[in-house]
Structures are given as structure tokens and as C-alpha cells.
Amino acid sequence: MEALSERNPRVVSAVKLHRSTHRKKEGRFLAEGANAVAAALDTGRVRELFYSTTAAEREYALIAGADAAGVRTTLVGDRAAEHLSETVTAPGLVAVCDLLDVPLVRILDTGPRMLAVPVEMAEPGNAGTLVRVADSVGADGVVLAGDTVDPHNGKCVRASAGSIFHVPIARHRDAASALDAIAAAGITILATAANGEVDLDDADELFTQPVAWLFGNEAHGLDPAVAGRADHRLRIPIRGRAESLNLATAAAICLYANSRVRYRADF
């Protein structure tokens, strides 16, 4: 089998998916690396799988499984693999996938018990990490509200380590209307604040009901108007000398505390 070069039209078209405008136009995005590709294959979203000779030796079972499932598998040269990758060391395994975000109403119609709602999140690595945290604690969805990062951004996909295919994700450009819909679904809205009126250690009763967690922009936090929409503001106790916590850490602490109570109640 002859490997496709970086000039092959299929490779050129796939490389264009590094750009948000082209992803939106084509309805496709790229997922690279074994974890992301395996998760994408499990959810039936892969349309074509590009692999290098090195990847074929390392991930033979994964590629063979994709081929057996009817996915188009394509050998590419090393330069093509480098063009398809956004990392310094190309993994040589890149899948062209269908976009995965869904309308907010689809998530709300499932009767979610725990949602993560980052508002105006700008950093794709943080977004991917948050999705990974949400997946690990069993959250029912992630709602990217406001002018936010594209979850199909390569850095976001890589940071999620495959979790982006496990957790329903919605994008809603109007943060206010997103919160209206969440509230109308009977979900309690929570926000974190240094001066919150409820200590996270004392919030177990809140976590027995459906809740949505608001998380703010990495640099500026939650807009006061958005924070004002929360039914309760919770503070994370800091017992050492740290001044504050970064967004991903705060989200992990809050979502884990929520899941501990939720799953204790369910089981």
C-alpha cells in the first residue's frame, strides 16, 4: 500500500480542519492520538482514520478494529502525519470525526442531575481539562455558555484525553438564555465565590437535587450579572496560604464534592 503524501487532496482537506471556520463548514474535526481515536471509534464518529507506518506498528489492533468496523483507514507518509498533527511529536494517528456538540435542550431533556457550565471560557486546554473532570465524576453534560472556546479545537480535544466523546457537550452563545433554560428545567444554579454564603463542606443538602455549576473566565472570573443568576454561591475552604485556586482545580473540587453526595444518594 502506497502512503499518501501531504499533497494528497484528502490529506490537504483534513489539514484544513485545524481551522475553526473549516470545521464549521465541513461539520468535521480532527482527533489525534490513541486515547482520542479509540473514544471516537467507540462512539461511531470517525469518518476516516489516517495512520503512519510507526503508528501501524504501535496501534495495530486499534487500526484493524477501525477497518473491521467499516471505517476508511488510510496510510500516510511521515510528512503528511506531521501536517495532520498539531503536536511537536506527531502521534501518526489522526481521525476525521463528525462534530459532537448538541443543542442545550437535548441535554436538558435527559433530566440531568449535574452539569458543568463554563461561561466565556477562552483557553482550550482548560476547556478540555474541565470536560475530562466532568467525565471522571459522572456529570451529565457540559454547557459552554457565552463567547466561548470551540470544543473541537485540537488542544481542547487532546486535553480531554478522549472524554470529549463521553460527555454530552452543548454550546450556547447567549449565556443569559442558557441560564434561563437551565433554571426552567428545575435545576439549581450554583457558583463559586471567595465570599460565598455557603461553605462547600456544608453544601451536601444542595447536592441531593439537580444542580448546574457556573465556572467563570480564566482571567476575569464570572461576570457579576451572571454570578447574580446563581441560586447559591459557594466558597471553597482554603486552609493553607494559597490566595486562590485556578479554574480547573476549583471545578474539580466542586464537581467531585457534588458527585460524592449524588452517587451516595443514588446507590
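Miscellaneous remarks
- The H on the amide N of Arg229, modeled in the peptide plane, is under 5 Å from the matching H of no residue at least 5 residues off or on a different chain.
- Here the chain is assigned +1 on the Cβ of each Lys and Arg and -1 on the Cβ of each Asp and Glu. Its dipole about the Cα centre then comes out at about 480 debye.
- Computed label-point distance, nm, for sites Glu82 and Val102 using a 7 Å Cα→Cβ extension: 4.1 nm
- Charge dipole of the chain about the Cα centre (unit charges at C-beta), most positive-ward option of Asn35, Met121, Val105: Asn35
- Virtual spin-label span in nm between Arg239 and Thr110, 7 Å along Cα→Cβ: 3.5 nm
- Highest-fluctuation residue, His220, His232, His22 considered, GNM on the chain with Cα pairs under 10 Å: His220
- The range 82-122 versus the range 151-185: alpha-carbon centroid distance in Å: 7 Å
- Listed by chain and number, the aspartates and glutamates placed with their C-alpha closer than 16 angstrom to that of Lys16 are Glu6, Glu26, Glu32, Glu48, Glu82, Glu86, Asp98, Asp150; residues fewer than eight positions away on the same chain are left out.
- Shape of the range 9-98 from the C-alpha gyration tensor: oblate (a/c of 1.5 or more and a/b not above b/c, with a ≥ b ≥ c the square roots of its eigenvalues).
- Cleavage-rule hits (GluC sites (Glu not before Pro)) in the range 188-267: DSSP loop, at most 15 neighbouring Cβ within 10 angstrom: Glu197, Glu205, Glu243
- Order of His166, His152 - criterion: other Cβ atoms within 10 Å of each residue's Cβ, fewest first: His166, His152
- The length gained on full extension between Thr208 and Thr249, counted as 0.36 nm times the residue separation minus their Cα-Cα distance, comes to 12.5 nm.
A short reminder: the numbers here are calculations on the coordinates, not readings from a lab. Values in this document were obtained by computation on a predicted structure and should not be read as measured data. Methodologically, a virtual Cβ is constructed for each residue, glycine included, from the backbone with ideal geometry; neighbour enumeration extends over all protein chains shown.
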